[in-house]
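Step one of this worksheet: look at the structure below.
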Amino acid sequence: MTTTIATAPTLPASTHQFAEVIHRLEAGGSMLPDTPDNLKQIIGIYKAYAVPMDFYWRDLLYIAEKVFLNPLPAFKYFISKEYLDRQNAYAGDQASLRIWRGPGDAHPELREFMAKGESGRKLPKLLHHLWHDRVNMEFAEACMDAMLWHEDINPTFNAYLYTDEYIANSDRAIRAYFKGNPLMLGLYKLFPEMFLEQVRRLSYYANLGLFWEVMAPVFFEMSDLYDEGKMTTVPEAMDFLVNGIFAIAGRPIYHHVYIGDECYEIIPKSQGFTWLYEAALPYVEAVFYRTAPFRGTKSYNAQAGQVPDDQKDFHYGILYADVFPVGSAGIPPTLLMQDMLHFLPDYLVEEYQQHSRGEDDMLIQLGITFQRSMYNVTSAVIQALRCALLYPLDDPNPEHLKANRAFFEQQIDRFKRPEARLDDIQQQSYR
Amino acid sequence: MPNIVEIAVSTEGFSTLVAAVQAAGLVEALSGEGPLTVFAPTDDAFAKLPPGTVQTLVDNPPQLARILKYHVVAGRWAQSDIAKEESLPSLESSPIPVRVNSAFEVKNATVVAADIEATNGIIHVIDNVILMG
Amino acid sequence: MLSLLIWLPILGALLLAFLPIKLSATNARNAALAVSGASLLWTVVLFTRFDLGTASFQMREFIAWLPLLGLDYDLALDGLSLMMVALNSLLTWIAICSSSTTIERPRFFYSLMLFVSGGVAGAFLAQNLLLFFFLFEIELVPLYFLISVWGGEKREYAATKFLLYTALAGAFIFAGFVGTVWLGGTLDFSYEQALQSEIPLPTQIVLLGILLVGFGIKIPLIPFHTWLPDTYVSASPPVAIMLGGVLAKLGTYGIFRFGLGLFPEAWSALGPFLAVWAAASVLYGAVTAIAQKDIKRMVAYSSIGHMGYVMLGGAAFTELSVVGAISQMVSHGLILALLFHLVGVVETKVGTRQLDQLNGLLNPLRGLPLISALLVLSGMASAGIPGLVGFITEFLVFQGSYSVYPIATLFCVVGTGLTAVYFVILINRTCFGRLDNETAYYDKVTNGERVPAFVLAAIVLTLGLQPSWLVLWSESTSARLIAAVPITQTAASLQLETSRDSVNDGAHL
């Protein structure tokens, strides 16, 4: 994990297409080259990502726990004060494991943006909402949908959603939620599966919310460390993520619903679901790699084989996304870019103004920065997996080093597709 | 002859494991009839995990229990039995890949002391905490 | 007052070339813009002074020059000349606007551009055959330099080819003029005199044939067109705008003024042949354009097709079709200039004109969205989509010629359909699709580069919605031209009725 020693000389050079990247990983580096510019870009974008993410996780939990099965959830993005003030489990004074040294409630920049929006005017919430001058929860929901839809990547969690226990838990919550509402209860009696499917979807809301609750303080802390001059290389940034992944790995993933004063445990903590296995790894697979062919300005013809037959071959995630044509990277990712645009640190704005078309194509520039930064996060996941499942980078046993290399090569094989941007991010000119 | 838990408690170098088993509430299960095969990571093995990893798990017993169950296999599997297998089904339900060649390896851990007999099973001491996946 | 249109640019050109002060490229450009802007303003003044009721020439200026040769400095204006002069003034300004601010040897370039503009204005105004010929020939020199010095690849080859072809055209035209004057029995080259000469029909046909070849090279019509693609493609965008927008009109203007004007009877006799020729040009231009892989070349070939409509209008020789043809000259000049300018911007930014390399330029962040949008608009205008000026003028031509040459007209209508085909190809490949990540780091389009496109697009749209502002100027002139042929009198007046209706219809579109 934190090893940065050179590759043991016992292994011959890799013959992989991306041999350079393999060697870098074997030396404890990231898929993203270690340059000051890369570091600046990824840290800056982590910060810009963390602020909307602070809203995403709060609202995802708000929807999963409070809005629940509201048949007309028109106001599900109008998060309650309680959830804005909710203490992040990994930030603030009360945190048992404090990742970010900042406060645990909603980030001040987020609060300011929610009040005034891009227009800088204090208008009624509804107007901001309708004008789309707000945090775009649609992106978060698209990520959730990707996790829900690619159910094969989260087998344990998914299997539980079909157990009698889960159905019984849901049943109690549904009955409590619609108490005194004969219409909905009648519908439930007629179409129980429809309601259960909605609850399953909400369980994924909770899942993703709990996942991002961790990532937001991680990114905030990285940004602070960078500003303080304590994070100076790309591998350091990656190692911070690796350590974070391990430290939080055992966090429970659960789904609680609050109806009235009562808490209904749809997925209890005692089920033993963990952050690493039931949230983080499926998230990376579903969102970074697979997602779905978004209906952007690029259309796909499934009959012509432009969309793989097999879900596991999908490759529409940020690691493959063509950020250039706005929208063909998918409308939801474009919404994320719009969200991040509001919270860019000054040094990134300055950097973007000096390149390409400056102000005009900042959305694309930051999208590509985001792509770089997510290659770094994926590197952290790959290194964490190597650390958890394989061997140290300085292992004296050459067989172990061989196993490590096989693992790295197998991971990097996924970027041999022509759509993958691994090659592009090696160049600083890709903006 | 002592049972699995008693051996762990009385042997030096397993304090983390013992504490973890206690926190996860698995003492009873591991003291029961069995028979069970336990891959017991040493304190050094736990120390290799990045900081905070164990603490978060100890704070969340069900999650900890799940990781610990991955180190336990139903039945009494001596090294000679394991040599014939490629993987064993753990109590967590994920399989544990095993290799017995020049060294006795369990996933990415190496067995440093094999075949420690207990009344209700058998213990192999390993130098790494093994994780599912 | 007409002289100003000639001498203002030429004086500007001389000052720009020889004034012994230091001028930066930007300053030279601004000076050229000021001079051509002044000409343009003066043209606007001419419009206000122009008497719509007068069918014949007005604002005459006459200075005897070489009476012995019959060469006089004799200028006048009718509806046809007015349209051409206006097009020249406007497109000169546009061309200078569309030139790069960092052009090499700027003073020489702009002075040549102004020189061309002044000379062409003179040719459009000349009332003396020799004066016209003199100005027509003298244009060759600055244009040769403009192509060979500032052109793209193969520029010297293209410039030489252009020079040879146009010189040859000049020879034919000279032969035609001399024959007309000598056989007419005078030694005076004045247009008035030439109008009155009485030449037997067979001789007329021969003379007209000679002039048709001469001007046919200049327009060009097939099979004399082979110089055009090379020249237009090699020329830089401002020069291509002048060549396609203005210089090509010297050919059609010459045919209308000296072919149709001087030999109306021979013209009527050759009419069917001319209509077939026009239709062949239209179809050939359209079909070859479809086959092109280079967008500038595609636009160049489109020009051959569109000049065919002008010929068709002339061949049909009804009042409506002649009005349509004159208007088509203007609309073709506007649309072609717009297309060349946009293609030029695309080439500067993207660095290629190849259809198989261009893609996704409509992308709002990294592409050229506004330029692409205007490209779509100009493609629509060129293909004759209603609401844009191309539709009005083509429709006028077809409406006027259908009753006379229905088959040739129908083939030309097919030609407009084919125009849509190649513009759809062009726009689809260039503007739609996805941008290539590897290459799409194009510079921003500056406002200076947008101005010419905006101005032209605004005119194309305005005249498309209000076509009577375009056609009213040439109505009485074309009526006069038609009236020169007694036999078709009744047919012409019949046409007149429908013409008024359809023009009004056009206005309501």
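The values are calculated or read from the model by the stated rules, or taken from the named source; none is laboratory data. Treat the numbers as computed from the prediction; the structure is a model and nothing was measured. With ideal geometry, Cβ positions are generated from the backbone for all residues, glycine too; neighbour counts draw on all protein chains shown. Accessible surface is based on the protein model in full, side chains and every heavy atom, while ligands, DNA and RNA are left aside. Shrake-Rupley method; radii C 1.70, N 1.55, O 1.52, S 1.80 Å.
Angle, helix C:3-18 long axis vs. longest principal axis of chain C, Cα atoms, 0 to 90°, nearest 10?
Once rounded, one gets 40 degrees.
Quick one: 3J(HN,Hα) in Hz for the range C:132-146, Karplus 6.51/-1.76/1.60 with θ = phi - 60°, rounded, Gly and Pro as x.
Result, rounded to whole Hz: 4, 4, 4, 5, 4, 6, 5, 4, 4, 5, x, 5, 4, 5, 4.
Would you list, by chain and number, the aspartates and glutamates whose Cα falls below 16 Å from the Cα of B:Lys84, excluding same-chain residues fewer than 8 positions away?
Correct list for B:Lys84: B:Glu105, B:Asp115.
Using only the alpha-carbon atoms, what does the protein assembly as shown span along each of its principal axes? Please give whole angstrom values in decreasing order.
141, 73, 52
Write down the Kirkwood hydrodynamic radius of the range C:322-416, to one decimal in angstroms, obtained as one divided by the mean of 1/r over all alpha carbon pairs. Before the final figure, lay out each step's value.
Values: mean 1/r = 0.0677 Å⁻¹.
One over the average 1/r among Cα pairs gives 14.8 Å for the range C:322-416.
In Å and on Cα atoms, what radius of gyration and Dmax does the range A:224-373 show?
Rg, Dmax (Cα atoms, Å): 19.5, 55.
Largest first and in whole Å, what are the equivalent-ellipsoid semi-axes of the range C:141-181 based on the Cα gyration tensor, each being the root of 5 times an eigenvalue? List each step's numbers first, then the result.
Details: eigenvalues 155, 15, 4 Å².
Square roots of five times the eigenvalues give 28, 9, 4 Å.
Straight-line reach from A:Lys230: which lysines have a Cα under 16 Å away, not including same-chain ones fewer than 8 places off?
Answer for A:Lys230, where 16 Å is the Cα cut-off: A:Lys40, A:Lys47, listed by chain and number.
List the residues whose amide H sits under 5 Å from the amide H of C:Asn359, counting only those 5 or more places along or on another chain, with H placed 1.01 Å from N in the peptide plane.
none
Give me the net charge for the shell around A:Asp394: Cβ to Cβ below 13 angstrom, other residues only, Lys and Arg +1, Asp and Glu -1. Walk me through the intermediate numbers first.
Values: positive: A:Arg386, B:Lys48; negative: A:Glu26, A:Asp395.
Value of the local net charge: 0.
Accessible area per residue for chain C in Å², computed with a 1.4 Å probe and the full protein assembly in place, what is it? Spell out each step's value before the answer.
Values: 17950 Å² over 509 residues.
About 35 Å² of surface per residue is accessible.
Roughly how large, in nm² to one decimal, is the mean projection of the convex hull of the alpha-carbon atoms in the range C:255-304?
If I average the Cα hull's projected area over directions, I get 3.8 nm².
Which of rounded, prolate, oblate describes the range A:1-115, given a ≥ b ≥ c as roots of the alpha-carbon gyration tensor eigenvalues and a/c under 1.5 marking rounded, otherwise prolate only if a/b is larger than b/c? Could you put the intermediate results ahead of the total?
Values: a/c = 2.80, a/b = 2.39, b/c = 1.17.
Since a/c reaches 1.5 and a/b is larger than b/c, the shape of the range A:1-115 is classed as prolate.
What aspartates and glutamates could a cross-link reach from A:Lys76, if we take a straight Cα to Cα line under 15 Å and drop same-chain neighbours fewer than 8 places away?
A:Asp59, A:Glu65, A:Glu138, A:Glu141
Kindly provide the Kirkwood hydrodynamic radius of the range A:342-422 in Å, to one decimal, from all pairs of distinct alpha carbon atoms. Could the numbers behind the result be given before it?
Working: mean 1/r = 0.0654 Å⁻¹.
One decimal place: 15.3 Å for the Kirkwood radius.
Could you work out what % of the accessible surface of chain A is carbon and sulfur, using a 1.4 angstrom probe and leaving DNA, RNA and ligands out of the count? Spell out each step's value before the answer.
Values: 9500 of 17120 Å².
Roughly 55 percent, rounded to a whole number.
What value does chain A have for Rg/Rh, both radii from Cα atoms and Rh as Kirkwood defines it?
On the way: Rg = 22.0 Å, Rh = 22.7 Å.
The Rg/Rh ratio comes out at 0.97.
5 Å is the cut-off here: which amide hydrogens, built 1.01 Å from N in the peptide plane, fall below it relative to B:Ala40, excluding neighbours closer than 5 in sequence?
Sorted by chain and number, the residues that satisfy this are B:His124, B:Val125, B:Ile126.
Relative to the longest principal axis of the C-alpha atoms of chain C, give the angle of the C-alpha long axis of helix C:406-431, reported between 0 and 90° and rounded to the nearest 10°.
Rounded to the nearest ten degrees, it is 20.
Could you work out Rg/(2.2 N^0.38 Å) for the range C:271-497, with Rg from alpha carbons only?
Values: Rg = 18.8 Å, N = 227, 2.2 N^0.38 = 17.3 Å.
Dividing the Cα Rg of the range C:271-497 by 2.2 N^0.38 Å gives 1.09.
Run the simple label-point estimate for A:Thr233 and C:Trp182 please: 7 Å along Cα→C-beta, distance reported in nm.
Those two pseudo-labels are separated by 9.3 nm.
I'd like the Karplus ³J(HN,Hα) series for the range A:235-250: coefficients 6.51, -1.76, 1.60, θ = phi - 60°, whole numbers in Hz, and an x wherever there's a Gly or Pro.
These are the phi-based 3J(HN,Hα) values: x, 4, 4, 5, 4, 4, 5, 4, 4, x, 4, 5, 4, 9, 2, x Hz.
Cβ under 12 Å from C:Ser236's Cβ, C:Ser236 left aside: what net charge do those residues give with Lys, Arg +1 and Asp, Glu -1? Don't skip to the end; give the middle numbers.
Working: positive: C:Arg155, C:Lys296; negative: C:Glu104, C:Glu153, C:Glu347.
Charge balance near C:Ser236 sits at -1.
Could you derive backbone 3J(HN,Hα) for the range C:193-208 from the dihedral phi with the Karplus parameters 6.51, -1.76 and 1.60 (θ = phi - 60°), listing whole Hz in sequence and x where the residue is Gly or Pro?
5, 4, 4, 8, 5, 10, 10, x, 4, x, 4, 3, 5, 4, 4, 4
For a quick check: with amide H placed at 1.01 Å from N, whose amide H comes under 5 Å from B:Val98's, ignoring anything fewer than 5 positions away on the same chain?
Placed amide hydrogens put B:Ser87, B:Leu88, B:Lys107 under 5 Å from B:Val98.
Add -39500 (n - 2.57) for each DSSP H run of 4 or more in chain C, then divide by its residues: what number comes out at 222 nm, to the nearest 500 deg cm²/dmol? Show your work: numbers first, answer last.
Details: 22 runs with 363 residues, N = 509.
When only DSSP H runs of four or more count, the value is -24000 deg cm²/dmol.
Where does helix C:295-316 land angle-wise versus the long Cα axis of chain C, in degrees 0 to 90, nearest 10?
Orientation of helix C:295-316: about 20 degrees from the principal axis.
List the equivalent ellipsoid semi-axes of the range C:369-467 in whole Å, largest first, each obtained as the square root of 5λ for an eigenvalue λ of the Cα gyration tensor. Numbers along the way, then the final one.
On the way: eigenvalues 204, 64, 10 Å².
In descending order, the three semi-axes are 32, 18, 7 Å.
For chain C, what is the convex hull volume of the alpha-carbon atoms per residue, in Å³? List each step's numbers first, then the result.
Numbers: hull volume 64.3 nm³, N = 509.
Taking only Cα atoms, chain C has a hull volume of 126 Å³ per residue.
Other chains' Cβ within 10 Å of C:355-366 residues: what's the mean? Don't skip to the answer; put the middle values down first.
Details: counts 0, 0, 0, 0, 1, 5, 0, 2, 8, 8, 13, 12.
Average neighbour count from other chains, rounded to a whole number: 4.
Mean residue ellipticity at 222 nm from the helices of chain A, using -39,500 (n - 2.57) per DSSP H segment of n ≥ 4 over the full residue count, to the nearest 500 deg cm²/dmol?
After summing the helix terms and dividing by the residues of chain A, the value is -16000 deg cm²/dmol.
Under the definition of partner shielding as Cβ atoms of other protein chains within 10 Å of a residue Cβ, what is the mean value for peptide B:95-105?
Working: counts 0, 0, 1, 0, 1, 0, 1, 1, 2, 0, 3.
Average neighbour count from other chains, rounded to a whole number: 1.
Around A:Ala19, with a cut-off of 12 angstrom between Cβ atoms, what is the net charge of the other residues, counting Lys and Arg +1 and Asp and Glu -1?
Combined, the nearby Lys, Arg, Asp and Glu give -1.
For the ranges A:112-122, C:259-269, C:387-397, what's the packing order if you count other beta-carbon atoms within 10 Å of each residue, average per peptide, and put the highest first?
The peptides rank, most packed first, as C:387-397, C:259-269, A:112-122.
Determine the total buried accessible area between chain C and chain A, counting protein heavy atoms only with a 1.4 Å probe; round to the nearest 100 Å². Present the calculation step by step, with values, prior to reporting the outcome.
Details: alone 18710 and 18630 Å², together 35900 Å².
In total, chains C and A hide about 1400 Å² from solvent.
For chain A, what is the accessible area per residue in Å², given a 1.4 Å probe and the full set of protein chains?
Working: 17120 Å² over 431 residues.
Accessible area per residue: 40 Å².
Roughly how much accessible area, to the nearest 100 Å², goes out of reach of solvent when A and B pair up, both sides summed, probe 1.4 Å?
1700
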